[in-house]
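Visitor: Quick one: this structure, given as structure tokens, is what I'll be asking you about.
Please treat every number below as a calculation from the coordinates, not as lab data. Because the structure is a prediction, the values reported are computed rather than measured. Heads up, the Cβs are rebuilt from the backbone with ideal geometry, glycines too, and the neighbour counts pull from every protein chain shown.
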Number of protein chains: 2
Amino acid sequence: MTSSPPATRVRKLPEERRAEIVRTAARIALEEGLERITLRRVADELGVRPGLIGHYFPAADDLVSEAFAFAAAGERDTLMPDAEAGLPPTARLAHFLVRVGGDDYVDLGRLWLNARHLSRFKPGLGAVVRAQETTTRNALAELIADGVRSGEFTAEDAMGAALHILVTVDGLGSYSNDDVPFDHPAVHDMALRTAERLLVLPPGTLRRSI
Amino acid sequence: MTSSPPATRVRKLPEERRAEIVRTAARIALEEGLERITLRRVADELGVRPGLIGHYFPAADDLVSEAFAFAAAGERDTLMPDAEAGLPPTARLAHFLVRVGGDDYVDLGRLWLNARHLSRFKPGLGAVVRAQETTTRNALAELIADGVRSGEFTAEDAMGAALHILVTVDGLGSYSNDDVPFDHPAVHDMALRTAERLLVLPPGTLRRSI
DNA sequence: TACCCCATTGGTCATGAGACCAATAGCAGC
DNA sequence: GCTGCTATTGGTCTCATGACCAATGGGGTA
């Protein structure tokens, strides 16, 4: 009955184990929140001992920061189709904004809210958050600049337009944890409509371009 | 040396003690965050024993919710001058948006970020957050409706405009914990300029009206 | 003045966190 | 095949939390 489990000790390559730990922590962060990332919790998920996680991350906060960076970078790649994909800027922007406004975004919106708050207490996480914000901001500004060059968008200041759009996206993301968000026509597609106004696109262009 | 402090036991009226506890917890929340509200911490501030706080708040979460409600309601009264103050809608709106965009708002912006995130784990707090959002939303919509009635503003949908303004305010509030916010003309007075556009006011009207 | 309610004390207990460390066992290189 | 490095184990220690409770004494009331 009280047979202790085999406890067969598996030794992996350090990089492999480390990647596995970060990936697991990122999944926990997305599903349950950054504060649920603990040495014990990650260890349980991987079927190893907590001490091992501590071996790779002597400061638990570093694991939290890295997990957020991993999750945010991975999700951004999903949200913003690369220019290499061959899509025109209008379609790329539309993809981004539609997904960001859609139901699938709730987890990621929550994660950003989570990280932005937690960075108040964890300076390391704050640095990562700001770095991720910079990357997203630059990617969006670049996308807009592409559109201006191709004549699809009209904007004097691509970075200014990107910032404005992101403020709207983050503002809407503030309500990620409201189980019953306030329903009003003004908030429907607010990010899409804001982008169309800023880039001088006829209303409905973005949603239609998908 | 080891003289134990007198431990003079002060007995206060329940309502008085309770109010004192909530007020102290709200101050801690504003200065250090809602998660710093603990029975021990509040007890230390008041010079009483932790058990006493537990007596008034058998569930610690309820103290957190009430502290947030107290802080948010109190700060809103400061931010949004009442109609009774005799100020015209334009000046009242300008006061609100200037303060919300100013440096004094960081603490409150952080608190809202804090509460919106924490409500993921504390349903009771979530209900309070939504109630406070509703109150703010209605107050702003009412202010805008006043302005439309007096002919100062032009808006078909006062609630829609209020929502749009609040999304912008909350979006900007997302960056409350960034020690070095990204500096760009587009974010300067974004809330003010958004309000002027929505309410069909000449640019600069709001800031000038103070 | 005496009584009694209940605000307040001062503990205990269980839980879960991170940090730390000596012992162990995979596994690659000699 | 042996040896040495180190990934991994399995503990321990300390700290903070919330919940719970019996005893105490302040102060209004009879």
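Visitor: Measuring from label point to label point, each 7 Å out along Cα→Cβ, what is the residue A:41 to residue A:207 span in nm?
Guide: 3.7 nm
Visitor: Follow-up. Could you tell me which residue out of A:181, A:145, A:210 lies farthest along the dipole of the protein assembly as shown toward its positive end? Charges go on the beta carbon: Lys and Arg +1, Asp and Glu -1, centred on the Cα centre.
Guide: Value computed over the given set: A:181.
Visitor: Could you work out [θ]222 nm for chain A from helices alone, using -39500 (n - 2.57) per DSSP H run of at least four and dividing by all its residues? Round to the nearest 500 deg cm²/dmol.
Guide: The helix-only estimate for chain A comes to -20500 deg cm²/dmol at 222 nm.
Visitor: So, one more: Using θ = phi - 60° and the Karplus relation 6.51 cos²θ - 1.76 cosθ + 1.60, list the HN-Hα couplings for the range A:27-38 in order, rounded to whole Hz, with x at every Gly or Pro.
Guide: Each residue's phi maps through the Karplus curve to give 5, 4, 4, 5, 7, 10, x, 5, 6, 8, 6, 10 Hz.
Visitor: Something else: Please grab the % of Cα pairs in the protein assembly as shown that end up more than 31 Å from each other.
Guide: 48 percent
Visitor: Can I ask one more? Give the lysines reachable from residue B:122 as a straight Cα distance under 29 Å; neighbours fewer than 8 places away on the same chain don't count.
Guide: The reachable lysines, counting only those whose Cα sits under 29 Å from residue B:122, are A:122.
Visitor: Kindly express, to the nearest 10 degrees and within the range 0 to 90, the angle between helix B:89-101's C-alpha long axis and the longest C-alpha principal axis of chain B.
Guide: On a 0 to 90 degree scale, this one is about 60.
Visitor: With springs connecting C-alpha atoms under 10 Å apart, model chain A as a Gaussian network and identify which of A:127, A:71, A:139 has the largest mean-square fluctuation.
Guide: Looking only at A:127, A:71, A:139, the largest GNM fluctuation is found for A:127.
Visitor: Can you put B:164, B:95, B:55, A:188 in order, fewest other beta carbons within 10 Å first?
Guide: So the residues, fewest neighbours to most, are A:188, B:55, B:95, B:164.
Visitor: Let me ask something additional. Could you tell me the relative contact order of the range A:61-204? Use alpha-carbon pairs under 8 Å, at least six residues apart, and round to a whole percent.
Guide: Relative CO of the range A:61-204 lands at 26 percent.
Visitor: Okay, next question. Tell me, what HN-Hα J-couplings in whole Hz come from the Karplus equation 6.51 cos²θ - 1.76 cosθ + 1.60 at θ = phi - 60° for each residue of the range A:10-15, using x for Gly and Pro?
Guide: Karplus-based 3J(HN,Hα) across the range A:10-15 equals 9, 9, 10, 5, x, 5 Hz.
Visitor: Give the angle, between 0 and 90 degrees and rounded to the nearest 10, that separates the Cα long axis of helix B:123-149 from the longest principal axis of the Cα atoms of chain B.
Guide: 30 degrees
Visitor: To test your reading of the geometry: what angle, between 0 and 90 degrees and rounded to tens, separates the Cα axis of helix A:106-118 from the longest principal axis of chain A?
Guide: The answer is roughly 70 degrees.
Visitor: Let me ask you something else. When only alpha-carbon atoms count, how far does the range A:61-204 stretch along each of its three principal axes, as whole angstroms with the largest first?
Guide: 46, 35, 25
Visitor: How big is the dipole moment of chain B about its Cα centre under a simple scheme where the beta carbon of each Lys and Arg is +1, that of each Asp and Glu is -1, and everything else is neutral? Debye, nearest 20, please.
Guide: Magnitude of the dipole: close to 660 debye.
Visitor: Longest span of chain B, sites excluded, free of trypsin sites (Lys or Arg not before Pro) in DSSP loop with at most 13 other C-beta atoms within 10 Å?
Guide: B:13-210
Visitor: Here is a follow-up. How large is the charge dipole for the protein assembly as shown, taken about the Cα centre, if only the Cβ atoms of Lys, Arg (+1) and Asp, Glu (-1) carry charge, to the nearest 20 debye?
Guide: 1240 debye
Visitor: Please get the size of the charge dipole for the range B:38-161, origin at its Cα centre, with Cβ charges of +1 on Lys and Arg and -1 on Asp and Glu, quoted in debye to the nearest 20.
Guide: 540 debye
Visitor: Can you give the relative contact order of the range A:1-142 as a percent, counting alpha carbon pairs under 8 Å and 6+ residues apart?
Guide: Over the range A:1-142, the number comes to 23 percent.
Visitor: May I ask for log10 I(q)/I(0) of the range B:107-157 at q = 0.22, 0.25 Å⁻¹, from a Debye sum over the Cα atoms as equal point scatterers with solvent left out?
Guide: The Cα Debye sum returns log10 ratios of -0.76, -0.85.
Visitor: Let me ask another. How far is the Cα center of the range B:152-190 from the Cα center of the range B:9-60, in Å?
Guide: With the range B:152-190 and the range B:9-60 each reduced to a Cα centre, they are spaced 34 Å.
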